[in-house]
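Data block below; observations after.
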Amino acid sequence: MGGRAKNLAVSLLLPLATLLLWFVLSAGGLVPGYLLPSPGKVLVAGQQYIFGATGEGPYAGRFAGDLAASLARVLLGFSLAAVLGIPLGLCAGRLALVNRLVAHAVGGLRAVPGICWLPLAMIWFGIGVRTTVFLVAMAAFFPIYQNALTGAQLVAPIWFQAGAMLGISRLKGIFAILLPAAMPNIITGLRLGMGISWAYLVLGELTGVPDGLGAVIMDARMLGQTDIILVGIILIAIIGRICDRLLVGALRLCFKSARRQL
Amino acid sequence: MTSSERAVATTENGMSRAILEISGLHHRFVHNGDSRLVLHDLSLAVRRGELVCLIGRSGCGKSTLLKIVAGFLTPAAGECRLDGHLISRPGPDRCVVFQEDALFPWLTVRENIGFGLTGRQWPRVKLDREVERFLDLVGLGEYGEHLPRTLSGGMKQRVALARVLIREPQILLMDEPFGALDAQAREEMQELLLRLVRQRQQTILFVTHDVQEAVVIADRVLLLDPGSGAIREEMQVGLDRPRDRNDVRFHACCARLHQWLRV
Ligand SMILES: Nc1ncnc2c1ncn2[C@@H]1O[C@H](COP(=O)(O)OP(=O)(O)OP(=O)(O)O)[C@@H](O)[C@H]1O
Ligand SMILES: [Mg+2]
């Protein structure tokens, strides 16, 4: 067996074992179907949710629309968090004054669990896209900010000295030295932020928006459709994983500092 | 003779004028409340094209002096002048080869060497040709696309040397650049350095622990004395180049420097 095949087998071991356990539990009648539907039932529900024609069932064919809605919200919130978090984190990491200025504000806000923002967001933005985007951005901001800050603080002083003696101005040094040197930490922050974005997306969509993967899960609970809940969970797991890989891939494509230091 | 008189004397006994002039330099470090005077009324001068070695016990302030000349540190008192201009901050007229690895790990060897040229509005072709030339000069022609982490210590220092030589600094500051290499690699690097810098009349202030190294490369050796915090001894190495490490006079020079360090 080649190294690649071996690695693949190892990485699939746990998912397959889980699937097997699930089979045993539901098929053996150990757990009643309304609590844990069988894999077959979930597969059918999923197949209908994704590929079915509209009208075949309550959720048939809704996947594409839900995915588009959720993806848009995640990307919007995540982008907002990145656009604010990276520059602010880098500034705070390099400039003691900025760090002192924002330390209490950011530290205080972070101490508030993200879910606390939900009532306020609903009052401010009503039920809908903006509440979800706000929650996602709020939650994703902190890991992105914190990792950018740490990355900026950890840049070896000798690199800035080397840059200065080679005639690189401070402004150019931001792009030539600070950003690439902090890149590994920035990437860690973005990946954590992306992960948390999906968590808060579902939270935001639980509040009664008509579409989105989180909305489907909540809706299915009210109709007692446990199979659809499981379909939603599995899809979010898969899409979240794909998003993470795409994020890393995009960063590696765009920045050679990401390509070479990861 | 006080150290400032010595600085003047060294400028006068040579043929060319001093390019680096340091006079009355003081520097102290404050650490946990108590302050320690590291440099005390230190003066020295380096002539254009001269290779000066600075030796001294560990912790006597050699790196501190180099950092002040590089502009990374501001002295408590005294001044450094390069070609008559007061040194106040880092600049490409004074480039440093550090003892530790200071290459940019996210850039290839080629990009590291070309880094200092990015500010110039040169056409791409000219830039590439210049980088290629220096790549060959330091004998790394085949390693252009390698990342620093895949290089040995000696190769890294070659890159470090190329990336500062390409900027054509007025003075090259070298802080124990070969200190981390084994004896074989160190001798190779010393030869390479001499080959590269002698023909271009590069001025160098070179810090080292290694007495042999000083005698192999230096025109003049200075002793930085930890007690007084100033230059206490000076020796002109009058040996012909290339220098023979087995020569009696070579050994005599080494013995003298050893003697300095022991006192
Ligand atoms: N940033 C600093 N803060 C406090 N003390 C310092 C600092 N840098 C250096 N020193 C002290 O100043 C003295 C001189 O340090 P320096 O690094 O210049 O010595 P050196 O001659 O280069 O030694 P070595 O040969 O070991 O490199 C040392 O005693 C050191 O402890
Ligand atoms: Mg030192």
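The values are calculated or read from the model by the stated rules, or taken from the named source; none is laboratory data. Source: prediction; values computed, not measured. Because the Cβ atoms are built from the backbone with ideal geometry, glycine has one as well, and the counts that use them run over all protein chains shown. For accessibility, only protein heavy atoms count, side chains too; no ligands or nucleic acids. Shrake-Rupley method; radii C 1.70, N 1.55, O 1.52, S 1.80 Å.
Given the criteria away from chain B (no Cβ under 14 Å), farther than 19 Å from A:ALA137 by Cα and open to solvent by less than 30 Å² (accessible area, probe 1.4 Å), does A:ALA220 qualify? Judged against the criteria, A:ALA220 is a match. Screening A:ARG252, A:ARG260, A:ARG191 for residues that are without any contact (Cβ under 8 Å) to a residue 12 or more places away in the chain and either open to solvent by 50 Å² or more (accessible area, probe 1.4 Å) or under 15 Å from A:PHE78 (Cα atoms) (or both) leaves exactly one candidate, A:ARG252. The residues of region B:164-182 that are open to solvent by less than 40 Å² (accessible area, probe 1.4 Å), within 16 Å of ligand 1 (Cβ to nearest atom) and assigned to a loop (DSSP other than H, G, I, E, B), listed by number, are B:GLU176, B:PRO177, B:PHE178, B:LEU181. Residues that are within 7 Å of another protein chain (Cβ to nearest Cβ) and in a helix (DSSP H, G or I) were ranked within region A:158-170; the one that is surrounded by the fewest Cβ atoms within 10 Å (Cβ to Cβ) is A:ILE158. Considering the conditions (1) open to solvent by less than 30 Å² (accessible area, probe 1.4 Å); (2) at pLDDT 90 or above; (3) more than 14 Å from chain B (Cβ to nearest Cβ), A:VAL209 is excluded by exactly one of them, (2). Considered as a group, the residues in region B:50-81 that are of a type in the set (Lys, Arg) and within 10 Å of ligand 1 (Cβ to nearest atom) include one that is surrounded by the fewest Cβ atoms within 10 Å (Cβ to Cβ), and that residue is B:ARG57.
Of the listed requirements (1) crowded, with 22+ Cβ neighbours inside 10 Å; (2) within 14 Å of another protein chain (Cβ to nearest Cβ), A:SER197 misses just one: (2). Note on region A:71-157: enclosed helices (runs of 4 or more DSSP H) holding 1 or more residues that are closer than 30 Å to B:ALA102 by Cβ are A:96-111, A:129-154. If you go through region B:82-98 and pick out every residue that is of a type outside the set (Asp, Glu) and surrounded by fewer than 18 Cβ atoms within 10 Å (Cβ to Cβ), you end up with 6. Of all residues in region B:110-126, those satisfying the criterion of being farther than 14 Å from A:SER257 by Cα and within 12 Å of chain A (Cβ to nearest Cβ) are B:ILE113, B:GLY114, B:PHE115, B:GLY116, B:LEU117, B:THR118, B:GLY119, B:ARG120.
Would a scan of region B:240-248 turn up a residue that is touching a residue at least 24 places away in the same chain (Cβ under 8 Å) and not in a loop (DSSP other than H, G, I, E, B)? Scanning region B:240-248 turns up no residue that is touching a residue at least 24 places away in the same chain (Cβ under 8 Å) and not in a loop (DSSP other than H, G, I, E, B). Please find, among A:VAL83, A:VAL10, the residue that is closer than 30 Å to A:ALA139 by Cβ, of a type in the set (Val, Ile, Thr) and under 28 Å from the mean Cα position of the chain (by Cα). Going through A:VAL83, A:VAL10 in turn, just one is closer than 30 Å to A:ALA139 by Cβ, of a type in the set (Val, Ile, Thr) and under 28 Å from the mean Cα position of the chain (by Cα): A:VAL83. In the set A:LEU30, A:LEU43, A:LEU8, A:LEU14, only one residue is under 17 Å from A:ILE236 (Cα atoms), without any contact (Cβ under 8 Å) to a residue 12 or more places away in the chain and either open to solvent by 70 Å² or more (accessible area, probe 1.4 Å) or not aliphatic (A, V, I, L, M) (or both); that residue is A:LEU43. Look at (1) without any contact (Cβ under 8 Å) to a residue 24 or more places away in the chain; (2) open to solvent by 20 Å² or more (accessible area, probe 1.4 Å) and you find that A:GLY173 fails only one, number (2). Restricting attention to region B:65-85, the residues being within 14 Å of another protein chain (Cβ to nearest Cβ) and either within 16 Å of ligand 2 (Cβ to nearest atom) or within 15 Å of B:HIS40 (Cβ to Cβ) (or both) number 7.
Of all residues in region B:153-162, at least one satisfies being buried (at least 19 other Cβ atoms within 10 Å of the Cβ), among the aliphatic types (A, V, I, L, M) and within 11 Å of another protein chain (Cβ to nearest Cβ). Checked against the criterion of being free of Cβ contacts under 8 Å to residues at least 60 places away in the same chain, farther than 22 Å from B:ALA230 by Cα, within 16 Å of ligand 1 (Cβ to nearest atom) and in a loop (DSSP other than H, G, I, E, B), region B:29-49 has at least one qualifying residue.
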